[in-house]
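S.K.: Next up is a structure, given as structure tokens.
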Amino acid sequence: MGRRILRFTIPCSTCIEKNMKHLLAAALLGVAIPSAHAQLNMALVGHLSYQDLHGSNVSDVWGYVDGQGNEYALVGVNGGGISVVSLADPTDPQEVFWFPGDNTIWRDLKVWNDHAYVTNEGGGGLAIIDLSPLPFNTDLTAQNWAAGGWNTAHNIYIDENGIAYINGSNRGNGGVIFLDLTQDPFAPVEVGEFDQWYSHDCMARGDTMYASHISNGHFSIVDVSNKSAPVLLGTQNTGNDFTHNCWVSDDGNYLFTTDEVVGGWLGSYDISDPTDIKELQLFRSAPGSNTIPHNTHFINEYVVTSYYRLGTTIHDVSRPWNVVEVGNYDHCPLEGPGFNGGWGTYPWLPSGLIISTDIEGGLFVFAPEYVRACWLEGMVLDAQSGSPVGQATVQITGIATAPITGFDGAYATGHNQAGTYTVTASAPGFFPATIPGVVLENGVVTMLDIELEPLASFVLTGTVIDAVTQDPIAGAHVRISSPTYFYETVAAANGTFTMPGVFTDDYDLVVGQWGWRTECPTTQTIGPGTDPLVIALDPGYYDDFEFDFGWTVTGTASMGHWERGVPIGTTFQNDWSNPNVDVGGDCGAQCYVTGNGGGGAGFDDVDDGHTILTSPPFDATTLWDPQIRFHRWFYNQGGSGQPNDRMEIRLTDGTQTVLLETVTQSSSSWFYRTFRILDHMDRGEAMQLIIFITDDNPGHLVEGGFDIFQMIELSPVNIQEAMTFAFNLWPNPAADRFEVSLPEEGEALLEVFDALGRPAMPAVAVRHGRATVSHDLASGAYLVRVTTPTGEFAVQRLVVGH
């Protein structure tokens with residue numbers, strides 16, 4: 001089957017009728033604004049600085065049109081008020097009314113029946129402004145309304161029937177309160193609520209509400225035909241489980257979301273059946289920039305999004321399974337993660353203008369050119385069998401977006417600029433393919449099926465052994481990985497392992513087992529001609545959590561239990577609460593953390609109880625003076641009152657349990673800790689370390705971390721009192737051999753350990769009170785231990801020099 005390119009046109013949906021040549025021309029006259037980084041199909045028309053006007057940052061924005069057709073922007077101003085701005089001349093926005101209020105960085109604004117309604121989190125309840133006198137009179141009537149047991153709220157939405165939906169108030173769970181505005185615009189009447197979860201934002205149409213439950217990580221669809229008895233129809237978690245806002249398509253079949261986290265996703269969902277919601281696509285602007293999305297809004301099969309440090313973006317969502325960015329204007333001078341730049345946007349003004357607020361930059365007025373995407377879709381197939389190829393990456397050259405196929409082999413991608421492009425496709429186990437001359441057109445779906453030739457695979461074998469005894473290590477974990485391939489297996493009882501279906505590549509190798517030190521040799525090329533691998537592990541208890549060696553998790557907390565993984569950092573007041581990286585210098589990036597869901601600092605921390613991490617048993621009698629070492633993380637901030645939570649580290653031998661330390665000092669960093677076992681209890685054959693962390697009332701942010709556990713031998717200086725006899729050792733320093741003699745004739749066992757307490761060579765039998773030991777030890781300091789059959793022992797330090 002040869003590669004083919006088929007093209008057909010899907011009729012473009014009805015686009016916005018626009019006549020904006022005069023606005024675009026005005027934009028070219030040189031409006032004075034801060035410099036922007038990038039723009040696509042959006043022209044700047046006007047700008048208003050609130051730093052100059054009120055010395056303040058701003059929050060959200062909404063639009064209004066008066067009875068004469070004049071357009072306005074309503075802006076929430078952090079420094080204590082609401083600004084009404086005339087766009088009669090959009091190149092020169094002018095504030096025409098100011099209503100003061102509490103200082104707060106959160107204000108949300110909506111309009112119903114010529115009245116603006118504004119929520120805030122500073123106090124005073126709901127601000128109401130009568131806009132009907134505009135444009136003839138700018139002395140507007142405004143007042144604050146507070147009733148129903150709440151005076152702050154995060155967000156508001158007003159439907160076409162005059163019902164206001166108050167989100168995130170300081171009442172109950174902070175769900176949604178329904179207010180009827182139709183009876184008296186200055187005296188709303190409460191008609192019901194939906195308080196099952198905290199609601200960060202919502203929208204509603206007809207008898208259906210769509211709410212975003214940011215802390216719970218999902219949106220809900222609720223039948224609100226009876227406001228006094230709303231009925232939950234369905235829920236859906238979003239890409240980062242931190243659902244910030246959602247908006248519904250005009251036909252009600254699709255819903256679009258944002259997750260307000262670093263590098264967060266926008267998502268598209270089929271909600272035609274609320275009981276069976278289907279995720280269609282997760283997408284983002286500027287992949288790899290780690291920018292945070294904020295609010296998205298639907299208009300004529302596009303979504304317009306306020307995107308913090310990327311500014312304002314436009315995506316074509318007419319094919320919601322193949323979303324393509326077709327416009328943007330970067331009005332923020334900063335880059336990467338951070339809560340700066342684009343806060344809100346409003347795309348529904350009759351003129352077609354988009355108004356956006358930039359937290360530091362103020363109000364921006366844009367003239368967009370809405371263009372349809374150029375879509376590329378098709379299948380990736382096995383050229384030999386014709387079967388779909390999953391996990392294939394399809395890339396349009398020069399475009400950051402690169403979709404990966406699922407099990408069905410289907411892909412969907414696109415671009416905003418028509419042209420002739422080269423397309424590449426690759427998949428694990430296949431030769432890559434390059435297809436030149438692929439024609440893309442705006443508003444057209446180009447269909448392209450791609451065939452990949454399979455690579456030949458081979459079987460990799462090997463053995464894991466003890467570095468000292470050369471005995472096989474049963475159950476050892478073996479992993480090889482490259483940017484393309486990943487294989488992991490467990491060694492059999494005889495230490496051997498087999499990995500079928502391996503492809504030639506440069507691999508990182510990691511091998512470990514409880515009771516031995518994990519090894520990760522340098523990257524090596526592995527192919528069909530590679531000899532069977534032999535990996536030797538040094539004895540010693542060590543765990544950097546690249547493998548699951550059997551640590552157990554128990555506890556009563558409602559969330560935030562210990563879990564093993566690559567830590568996803570969360571922040572509180574610019575400090576890391578959940579660690580963002582593990583401790584460096586080990587074989588990977590994993591550790592144990594308390595909850596690893598990302599999102600906000602309080603989304604997956606320890607809540608309402610405790611969580612306990614317990615190690616597998618370890619035999620401390622294998623060392624004479626064992627010390628345990630590890631790194632820990634403890635963070636405890638926020639909440640009400642002085643943080644009162646703690647981490648406790650305990651040691652048990654199965655009979656008694658001792659407290660090694662209690663941690664109450666919060667810090668955004670890893671701490672290295674060491675404990676000598678004999679300072680707390682005798683050595684045991686089945687000891688365990690216990691890491692306990694709790695969230696006590698009242699609640700605060702609580703996060704913990706644990707990484708790189710090991711047990712090593714301490715210096716012999718610390719165990720001189722335990723020795724029961726002395727022996728002679730010479731020469732010392734030694735070169736390649738040394739001798740020992742006991743005070744009496746007899747037998748004993750001689751062992752040599754390195755500075756970490758690991759056996760440095762096989763044990764040697766002492767006969768008739770003497771032994772000559774030949775060795776190939778590297779230069780350095782060692783511990784020589786001699787043990788008699790009755791358990792008496794003595795220790796000396798040996799220095800080896802060559």
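S.K.: On a 1.4 Å probe surface of the protein chains, which of Met687, Met447 comes out largest in accessible area, and what is the full order? Before the final figure, lay out each step's value.
M.R.: Working: Met687 0, Met447 55 Å².
Ranked from most to least accessible, the order is Met447, Met687.
S.K.: Please name which of Gly125, Asn78, Gly101 has its Cα lying farthest along the dipole of the range 54-127 towards the positive end, using unit charges on Cβ (Lys, Arg +1; Asp, Glu -1) and the Cα centre as origin.
M.R.: Gly125
S.K.: Below 8 Å between Cα atoms, with a sequence gap of 6+, how large is the relative contact order for the range 690-802 in percent? If you can, show how the numbers build up before the last one.
M.R.: On the way: 203 pairs, mean separation 30.8, N = 113.
About 27 percent, as a whole number.
S.K.: Counting only the backbone N, which residues of the range 594-632 are under 15 Å from the spot 7 Å out from the Cα of Thr657 toward its beta-carbon?
M.R.: It comes to 610-617, nothing else.
S.K.: Extent of the range 534-609 along each principal axis, from alpha carbon coordinates, in Å, largest to smallest?
M.R.: Extents along the principal axes: 47, 29, 15 Å.
S.K.: Once Lys and Arg get +1 and Asp and Glu get -1 on their Cβ, which of Tyr254, Ala492, Ala778 lies farthest toward the positive end of the dipole of the chain?
M.R.: Ala778
S.K.: Shifting gears a bit: Report the net charge of residues surrounding Gly361, where surrounding means a beta-carbon distance below 13 angstrom and charges are Lys +1, Arg +1, Asp -1, Glu -1.
M.R.: Working: positive: Arg309; negative: Asp52, Asp330, Asp358, Glu360.
Spelling it out: positives minus negatives among the neighbours equals -3.
S.K.: Once every Cα of the range 641-684 carries one equal point scatterer and solvent is ignored, give the base-10 log of I(q)/I(0) from the Debye formula at q = 0.14, 0.24, 0.30, 0.34 Å⁻¹, two decimals.
M.R.: For the range 641-684, the Cα-only Debye profile gives -0.45, -0.92, -1.16, -1.32.
S.K.: Please compute the net charge surrounding Val490, taking Lys and Arg as +1 and Asp and Glu as -1 over other residues with Cβ under 12 Å from its Cβ.
M.R.: Neighbourhood net charge equals -1.
S.K.: Take Glu160 and Thr523, extend 7 Å from each Cα along the Cα→Cβ direction, and tell me the distance between the two endpoints in nm.
M.R.: 5.8
S.K.: When only alpha-carbon atoms count, how far does the range 340-496 stretch along each of its three principal axes, as whole angstroms with the largest first?
M.R.: Taking the Cα atoms of the range 340-496, the three principal extents are 80, 45, 23 Å.
S.K.: Same structure again: If DNA, RNA and ligands are ignored and the probe is 1.4 Å, what is the ranking of Val231, Val118, Val65 by accessible area, most exposed first? It would help to have the intermediate numbers written out before the result.
M.R.: Working: Val231 75, Val118 0, Val65 50 Å².
These residues rank, largest area first, as Val231, Val65, Val118.
S.K.: Here's another thing I want to ask about it. If you rank Arg564, Arg107 by how much accessible surface each has, with a 1.4 Å probe, what is the order from largest down?
M.R.: Details: Arg564 85, Arg107 10 Å².
Sorted descending by solvent-accessible area, the residues read Arg564, Arg107.
S.K.: Along the Cα-to-C-beta direction of Ser49, a point sits 7 Å from the Cα; which residues of the range 344-375 have their amide N less than 11 Å from that point?
M.R.: Flagged as within label range: 361-362.
S.K.: So for the chain, averaging the separation of alpha carbon pairs under 8 Å that are six or more residues apart and normalising by length, what relative contact order in percent results?
M.R.: 7
S.K.: Quote the FRET efficiency, to the nearest 0.05, computed for Ile404 versus Asp251 with a Förster distance R0 of 35 Å and r equal to the Cβ-Cβ distance.
M.R.: 0.75
S.K.: Using the Cα centre of the chain as the reference point, and only Cβ charges (+1 on K/R, -1 on D/E), how large is the resulting charge dipole? Debye, rounded to the nearest 20.
M.R.: Numbers: 31 positive and 93 negative charges, 229 e Å.
So the dipole magnitude of the chain works out to roughly 1100 debye.
S.K.: Here is a follow-up. Just want to confirm a number: the relative contact order over the range 158-251, from Cα pairs under 8 angstrom separated by 6+ residues, in percent.
M.R.: That works out to 21 percent.
S.K.: Give the peptides 483-490, 221-228 in descending order of average Cβ contacts within 10 Å, highest first. Each step should come with its number before you reach the end.
M.R.: Values: 483-490: 13.6, 221-228: 16.8.
Peptide ranking by packing, descending: 221-228, 483-490.
S.K.: Where the only charges are on Cβ atoms (+1 Lys, Arg; -1 Asp, Glu), what is the dipole of the range 652-798 about its Cα centre, to the nearest 20 debye? List each step's numbers first, then the result.
M.R.: On the way: 9 positive and 20 negative charges, 89 e Å.
Around 420 debye, computed over the range 652-798.
The values are calculated or read from the model by the stated rules, or taken from the named source; none is laboratory data. The structure displayed is predicted, hence computed values, not measured ones. FYI the Cβ positions are ideal-geometry reconstructions off the backbone, even for glycines, and counts take in every protein chain you see. Just so you know, the surface numbers come from the protein's heavy atoms only, side chains and all, with ligands and any DNA or RNA stripped out. Shrake-Rupley method; radii C 1.70, N 1.55, O 1.52, S 1.80 Å.
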